[in-house]
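Notes follow the structure.
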Amino acid sequence: MMFRAIAIALVATSCGERTPPAASSATPVPAPAPAPAPAPDAGAVSTDAPVSVPDAAIAIDYRVRLSSPDRVVTVLRDGACAGPQASCKHEVCFVPAPYVDRPASRPAMVTCERDRDCSVVQTICCGPDAMDVRAVRTDQAAALPAHVCGRGRACGAPDPALIASFTVGCVEHVCRLLQPLPATWCEDRDVRYRVVLRDGTVATRDRTFDCHGHALPCRIDADCYREIERREPQPVPALRRCTRDTECTLAPVECCDCGARNFRAIRLDAFDAWRGQRCGPEPVACPACIGAIPPNLAPACLRGSCEVVETQEPAACTRP
């Protein structure tokens, strides 16, 4: 996935160590010195984390919720896991991370049998906005810079802390980036969400987890929402046009995000046009702080238009 380079600070989950053998009466023999590890590829994979089996506190398998169609698959943990591989994590439930690799990896780059086959690989291509992080086979990492950068070339070295912030697993024989979910989301539960429209009808939709932020298909804090009445000023229709919930976001009515209290739903690519509609073409001096979107609000694509919805108790989405 290509994205703007930003600082990411996450704590990596450590793997458990092997349980030492019981004491023996035999004269101890010094263990041979371990062979030096091969040097890592300068532009590809971090090998800082030691190989380790999951400890006794970790379940023997983990589960991954997939969509299209909705299903949960069980993956046997790999005793030879290392670093960011899911087999070394304490979490028991994951979902594929919502990233799209561009250009897409060739099938040979991602085909796998066990978690040990997969790595998180960071590639930095020369030029702006040219950092890529994806899941690939470890033995294909050296070929990735040429595939990702095309006619360009790779620059710099991978960031071990960034790589450790991701999780990778071999799911249905494909190396995938994963993100953890609470264990209940991998159980037999209804993962759909519902929206009470302004006319009182209830729309039911699949939760696909292929998004970020406040978008309904990736939120796990609510299952029921209510479309709220439109308030002025409203974005022009062209700024609200949509086909999926994931195409919508919330933006403040105020010219400054800091301290904003009123929000409207717009297309993801309409921020600049919406700011110009409400604040004019000239720059606005704003306080140096980051605004927060109220957690009870979310954007939804309803009748082809991005609209604001509000979280409700589950009973509100049950037809009488």
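The values are calculated or read from the model by the stated rules, or taken from the named source; none is laboratory data. Since the model is a prediction, treat every value here as computed from it, not as a measurement. Ideal geometry is used to build each Cβ from the backbone, glycine not excepted, and the neighbour counts take in all protein chains shown.
Could you please give the count of residues in segment 105-161 that are part of a helix (DSSP H, G or I) and either among the basic types (Lys, Arg) or over 25 Å from VAL75 (Cα atoms) (or both)? Number satisfying all stated conditions: 11. Taking the criterion of being part of a loop (DSSP other than H, G, I, E, B) and within 13 Å of VAL309 (Cα to Cα), the residues of segment 204-218 that qualify are HIS214, ALA215. Scanning segment 230-240 turns up at least one residue that is under 28 Å from the mean Cα position of the chain (by Cα) and either surrounded by 10 or more Cβ atoms within 10 Å (Cβ to Cβ) or more than 17 Å from ASP206 (Cα to Cα) (or both). Residue count for segment 67-107, restricted to those that are free of Cβ contacts under 8 Å to residues at least 40 places away in the same chain, more than 28 Å from ARG219 (Cβ to Cβ) and of a type in the set (Gly, Ala, Ser): 2. Checking ASP139, ASP199 one by one, the residue that is more than 30 Å from ARG261 (Cα to Cα), surrounded by fewer than 19 Cβ atoms within 10 Å (Cβ to Cβ), among the charged types (D, E, K, R) and without any contact (Cβ under 8 Å) to a residue 60 or more places away in the chain is ASP139 and no other.
Scanning segment 102-136 for residues that are within 15 Å of ILE163 (Cα to Cα) and among the charged types (D, E, K, R), we see that the one that is surrounded by the fewest Cβ atoms within 10 Å (Cβ to Cβ) is ASP132.
When segment 224-255 is filtered for residues that are without any contact (Cβ under 8 Å) to a residue 40 or more places away in the chain and in a loop (DSSP other than H, G, I, E, B), the ones remaining, listed by number, are GLU229, ARG231, GLU232, GLN234, VAL253, GLU254, CYS255. If you check CYS224, CYS211, CYS289 for being surrounded by 12 or more Cβ atoms within 10 Å (Cβ to Cβ), under 28 Å from the mean Cα position of the chain (by Cα) and farther than 25 Å from ALA315 by Cβ, only one passes: CYS211. Residues in segment 269-315 that are assigned to a loop (DSSP other than H, G, I, E, B), acidic (Asp, Glu) and either modelled with pLDDT of 90 or more or closer than 15 Å to ARG240 by Cβ (or both): 1 in all. ARG264 - would you say it is at positive phi, of a type outside the set (Gly, Ala, Ser) and either surrounded by 10 or more Cβ atoms within 10 Å (Cβ to Cβ) or assigned by TED's automatic domain parsing to the domain that holds ASP223 (or both)? No, not satisfied. None of ALA143, ALA104, ALA164 is aliphatic (A, V, I, L, M), out of contact with any helix residue (DSSP H, G or I) (no Cβ under 6 Å at 6 or more places or on another chain) and within 26 Å of PRO182 (Cβ to Cβ) except ALA164.
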